[in-house]
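Chemist: Have a look at this one.
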Amino acid sequence: MKLPDLKQYRSNFTTKGVAMPLPQVPTAKQGLLTLLPAAPAGKSGWPWTEETDPAIYNSRTDWPKVTIVTPSYQQGQFIEETIRAVLLQNYPNLEYIIMDGGSKDDTRQVIEKYAPWISYWQSEKDGGQGHAINMGFSLASGNHYGWINSDDHYLKNVFHTVISIFLKTGAKFVYGYGVNHYTDENRFDTVKVLPFLDYFIKIPALVQPATFWAADIHKPIWEELHCSMDFELWLRLVKGNKRKLIRQPLAIAKVHDDAKTFDPKLKVKWEEDHLKIWSADAHGEVFEWKRINFINRIRIKLYRLFKLI
């Protein structure tokens, strides 16, 4: 497994004239809702006509910096909701980075509308989603990280909830439930997860947009992967670190024809990733799949029996 050197990526940006640390997202005492571009006609509710109340942050003046990275490509129909759901958290110490792979739809135009509130963005050809994420985090200067894809979005008040948990518990990794939005049917299904134990780390379980971690445990994405990059990252990043589960939805993931997780045309890519991850050069072959899955099924039944999920 060959992982990129994020310091080299950062050096490349410095050579291009990008000044670091990046500027903080501008804030306003009354919140950003009235300052951002107006919501498109027919859009209402979060994050179109609602915002997190800035007053919830009044309990302290030293909120740690949060860096959010959005990788993007050809998601012009969704990315505005993603952007607004980051900015309208009204978090007082936010760094927001968007790395678009040179989209040919209206993605660039949408980003440009919100450019005054984005710490850094670019729209140019890259090496794929993993490369975009790595480039974004190479610019990061936050204390806590998260990435949100351009067809997903955070729920209201999430940054306050998550960072409060980091501060109270000393956790290095905070995660929660998610919601799948089936866009064709306009149906919403909550995805609950169990406490993420080291023994079961080989079983895909985490909801990627509902995950956040401390900057000091961050590791680069394995860019050769096409679909399972988040799962493989958790294998290296989460194990052995203190974590905390928030038993509520933190983000919404859209289920649509072009979404990697639900596109049957990408079955081969998922299989290729699986072989790479469990190769001798990466995480090695797992000889006890049956036992791990069997014990996990018992665990799930027990959690349901005692109404813990």
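The values are calculated or read from the model by the stated rules, or taken from the named source; none is laboratory data. Remember, predicted model here, so these are calculated numbers, not experimental data. Virtual Cβ from ideal backbone geometry, glycine too; neighbours counted across all protein chains shown. Note: accessible area is taken over every heavy atom of the protein model, side chains too, but ligands, DNA and RNA are not part of it. Shrake-Rupley method; radii C 1.70, N 1.55, O 1.52, S 1.80 Å.
Chemist: Within segment 206-235, count every residue that is open to solvent by 50 Å² or more (accessible area, probe 1.4 Å) and not charged (D, E, K, R). Even if it seems obvious, please write down each step before you answer.
Modeler: First, the residues of segment 206-235 that are open to solvent by 50 Å² or more (accessible area, probe 1.4 Å): 216, 219, 223-224, 226.
Next, from what is left, pick out any that are not charged (D, E, K, R): 226.
Here the count works out to 1.
Results for (1) small (Gly, Ala, Ser); (2) over 14 Å from the mean Cα position of the chain (by Cα), shown as yes or no for each residue.
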{"position": "Thr190", "(1), (2)": "no, yes"}
{"position": "Leu197", "(1), (2)": "no, yes"}
{"position": "Val207", "(1), (2)": "no, no"}
{"position": "Phe212", "(1), (2)": "no, no"}
{"position": "Gly240", "(1), (2)": "yes, yes"}
{"position": "Leu245", "(1), (2)": "no, yes"}
{"position": "Val268", "(1), (2)": "no, yes"}
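Chemist: Tell me, yes or no, whether segment 26-45 has at least one residue that is touching a strand residue (DSSP E or B) at 6+ places or on another chain (Cβ under 7 Å) and in a loop (DSSP other than H, G, I, E, B). If you could, list the steps in order and put the result at the bottom.
Modeler: The initial filter retains those residues of segment 26-45 that are touching a strand residue (DSSP E or B) at 6+ places or on another chain (Cβ under 7 Å), namely none.
No: segment 26-45 contains no residue that is touching a strand residue (DSSP E or B) at 6+ places or on another chain (Cβ under 7 Å) and in a loop (DSSP other than H, G, I, E, B).
Chemist: Restricting to segment 21-77, name every residue that is of a type in the set (A, V, I, L, M) and either within 25 Å of Glu124 (Cα to Cα) or open to solvent by less than 70 Å² (accessible area, probe 1.4 Å) (or both). Even if it seems obvious, please write down each step before you answer.
Modeler: In the first step, residues of segment 21-77 are kept if they are of a type in the set (A, V, I, L, M); the result is 22, 25, 28, 32-33, 35-36, 38-39, 41, 55-56, 66, 68-69.
Across segment 21-77, the qualifying residues are Leu22, Val25, Ala28, Leu32, Leu33, Leu36, Ala39, Ala55, Ile56, Val66, Ile68, Val69.
Chemist: Taking the condition of being within 21 Å of Lys113 (Cα to Cα) and within 21 Å of the chain's Cα centre (by Cα), how many residues in segment 1-25 meet it? Step through it out loud before you land on a result.
Modeler: Pass one, segment 1-25, residues within 21 Å of Lys113 (Cα to Cα): 18, 22-25.
Retained after the next criterion (residues that are within 21 Å of the chain's Cα centre (by Cα)): 22-25.
Summing the residues that are within 21 Å of Lys113 (Cα to Cα) and within 21 Å of the chain's Cα centre (by Cα) in segment 1-25 gives 4.
Chemist: Restricting attention to segment 124-139, which residues are surrounded by fewer than 19 Cβ atoms within 10 Å (Cβ to Cβ) and either in contact with a strand residue (DSSP E or B) (Cβ under 7 Å, 6 or more places away or on another chain) or of a type in the set (D, E, K, R) (or both)?
Modeler: Glu124, Lys125
Chemist: Met99 passes all but one of (1) open to solvent by less than 10 Å² (accessible area, probe 1.4 Å); (2) free of Cβ contacts under 8 Å to residues at least 40 places away in the same chain; (3) under 21 Å from Gly31 (Cβ atoms); which number fails?
Modeler: Only one criterion is unmet by Met99, namely (3).
Chemist: Within segment 86-137, track down each residue that is in a helix (DSSP H, G or I) and more than 21 Å from Pro220 (Cα to Cα). Break it down stepwise before answering.
Modeler: First, the residues of segment 86-137 that are in a helix (DSSP H, G or I): 86-87, 107-113, 115-117, 129-137.
Result: Val86, Leu87, Thr107, Arg108, Gln109, Val110, Ile111, Glu112, Lys113, Ala115, Pro116, Trp117.
Chemist: Filter segment 102-118 for residues that are open to solvent by 10 Å² or more (accessible area, probe 1.4 Å), touching a strand residue (DSSP E or B) at 6+ places or on another chain (Cβ under 8 Å) and in contact (Cβ under 8 Å) with a residue 12 or more places away in the chain and give the result.
Modeler: Within segment 102-118, Gly102, Ser103, Arg108, Trp117, Ile118 meet the criteria.
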